[in-house]
Amino acid sequence: MQDYGVVILIGVLTGFVDRWVMLRNDYRNYPTYPHGHLTHLTMGFIAAGLGAVAVPALAKPDYVAITFLALAAQHFREIRNMERESLGKLEETKIIKRGTDYIEGIAKVFEARNYLVILAALLSSGATQIWGWPYGIAVALVCILLSLKLMAGAKMGDIADFKQGKLHFSGSLLMVEDVVIMNVGLPATREKILAEGLGIIIHPHDDNARLTIDSPGQRMAMIHDVVSILGSKVDISEPELMPMARKHVDKGYLAFFIVANEPDIESVIAVIKRVPVLETSQATVLSSLAGRKAAD
Amino acid sequence: MDNNIDNDTIVAVVAMDEEKVSSGDSPVFLAKNAEEQERLCLLLSRIMGGVAHDLENGVYIIVKH
């Protein structure tokens, strides 16, 4: 039997460190806001506290105290709303939008991380309660490693191949290889695109991947990430150099076009490879019978 | 902006040949030569925040996406 103080301390520390590590592990451009950091660390701390005191409450025994975990779930759903709202508001002033799919994905991830924190705190404080603090710390480490692995998720690089595509014009139509991107009217703009633009062909590995990159949300996420790292030459009321991703309707691959501030094809591909596959866009046709039948 | 499915409007038409265009919702600007036409397109697209598109028959349209 352990001192409840030690049990709670280990639980809270585990949860807090877990949240901290996951926050640092966060992908690109968010949360770069220092206040966002603080908010999420505090929320993580509260979540850790909730998870940690559950075990002593059970051991006491004070079963009613467990019901506040239900309250906690409600509370952390608010985090999702908070993220969704603030990122949604920020969209209004963005030239290149993140897209609602991406925002929803980020919001869900933030909510889920708090549940992971509660679980990590619960498990480590439980282990401390039953076996003593050395085991508690061991469980804590396993929990943190597991949650890092769980939150990693699939990346674009896992589901598709990338290669440079040649930009050219067919009349006034801008093409990447054989995919039409858009109609460009001004000769000066055409010259600029040919001189500075980059084209990339994204080949999906299978039918799942093909439908995933088909989703406009996933394409917007790719464009947003590339632009947020390498910049773009689009300006307010000068949308002619808008980066775009268009698919080849028959062959299923995607053509990506951008005029970046840093026209470095290697970097663009590296960024796209690290774009998370959004769970709202992720297709799972191959796990359905009809999908598999249609695929062969 | 990536999904220009809805709300695209033609804000202006720039042509050299009067016969290629007829009046509609959007104003039509006539240019004397290709140079003036290009300049008009550039100015209009910057002023209106639209994109100049080439219809490949000597008519350009400025579209707000």
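The values are calculated or read from the model by the stated rules, or taken from the named source; none is laboratory data. Just so it is clear, the structure is predicted and the values come from calculations on it, not from any experiment. Cβ: placed from backbone, ideal geometry, glycine included. Neighbour counts: every protein chain shown. Side chains are part of the model used for accessible areas, which takes the heavy atoms of the whole protein and leaves out ligands, DNA and RNA. Shrake-Rupley method; radii C 1.70, N 1.55, O 1.52, S 1.80 Å.
Rounded to the nearest 20 debye, the dipole magnitude of the protein assembly as shown is 1260 debye, with +1 charges on Lys and Arg beta carbons, -1 on Asp and Glu beta carbons, and the Cα centre as origin.
Put simply, region B:9-64 fits an ellipsoid with semi-axes of 15, 13, 9 Å; these come from the alpha carbon gyration tensor as the roots of five times its eigenvalues, largest first. Taken one residue at a time, the phi angles of region B:11-18 give Karplus couplings (6.51, -1.76, 1.60, θ = phi - 60°) of 8, 7, 10, 10, 9, 9, 9, 4 Hz. Gly and Pro are set to x.
Taking every residue in B:45-55 and counting other chain Cβ atoms within 10 Å of its Cβ, the average works out to 6. Once the gyration tensor of the Cα atoms in the protein assembly as shown is diagonalised, the equivalent ellipsoid follows with semi-axes of 53, 21, 17 Å, ordered largest first. Comparing A:Ile269, A:Ile46, A:Ile130 in a Gaussian network model of chain A (Cα springs below 10 Å), the most mobile by mean-square fluctuation is A:Ile130.
Interface of B with A. Using a 1.4 Å probe and counting protein heavy atoms only, the two chains hide about 1600 Å² of accessible surface, both sides summed. Calculated translational diffusion coefficient of region A:157-285 (25 °C, 0.890 mPa s; Stokes-Einstein with Kirkwood radius over alpha-carbon pairs) equals 167 µm²/s. Dividing the summed -39500 (n - 2.57) terms of all DSSP H runs of n ≥ 4 by the residue count of the protein assembly as shown sets its mean residue ellipticity at 222 nm at -17500 deg cm²/dmol.
For region A:111-244, the solvent-accessible area works out to 42 Å² per residue, with a probe of 1.4 Å and every protein chain left in place. Taking every protein chain into account, the 1.4 Å probe leaves A:Trp20 with about 120 Å² of accessible area, to the nearest ten.
Proximity of backbone amide H atoms, modeled 1.01 Å from N, is registered between A:Ala160 and A:His205 at under 5 Å, excluding neighbours fewer than 5 places apart on the same chain. Here the protein assembly as shown has 60 percent of its accessible surface on carbon and sulfur atoms, given a 1.4 Å probe and all protein chains in place. Residues in region A:41-51 carry Karplus couplings, in order, of 5, 5, 4, x, 5, 5, 4, 4, x, 4, x Hz; the curve used is 6.51 cos²θ - 1.76 cosθ + 1.60 with θ = phi - 60°, and Gly or Pro positions show x. Remark: chain B carries a charge dipole of roughly 260 debye about the Cα centre, counting +1 on each Lys and Arg Cβ and -1 on each Asp and Glu Cβ.
Residue-wise HN-Hα couplings along region A:201-213, as the Karplus relation 6.51 cos²θ - 1.76 cosθ + 1.60 with θ = phi - 60° gives them from phi, are 9, 10, 9, x, 6, 8, 5, 4, 5, 4, 6, 5, 6 Hz; Gly and Pro carry x.
Taking the average, over residues, of other Cβ atoms within 10 Å as the packing measure, peptides B:40-46, A:152-158 rank B:40-46, A:152-158 from highest down. Computed from Cα atoms, the angle from the helix A:216-230 axis to the main principal axis of chain A rounds to 90 degrees. For chain A, modelled as a Gaussian network with Cα springs under 10 Å, which listed residue fluctuates most, A:Ala283, A:Ala245, A:Ala221? Between A:Ala283, A:Ala245, A:Ala221, it is A:Ala283 that shows the largest mean-square fluctuation.
So which of A:Lys166/A:Lys192; A:Lys97/A:Lys251; A:Lys108/A:Lys293; A:Lys166/A:Lys233; A:Lys166/A:Lys273 end up more than 22 Å apart by C-alpha?
Details: A:Lys166/A:Lys192 15 Å; A:Lys97/A:Lys251 27 Å; A:Lys108/A:Lys293 33 Å; A:Lys166/A:Lys233 19 Å; A:Lys166/A:Lys273 19 Å.
Pairs exceeding 22 Å: A:Lys97/A:Lys251; A:Lys108/A:Lys293.
Helix A:133-152 and the longest principal axis of the Cα set of chain A meet at an angle near 20°.
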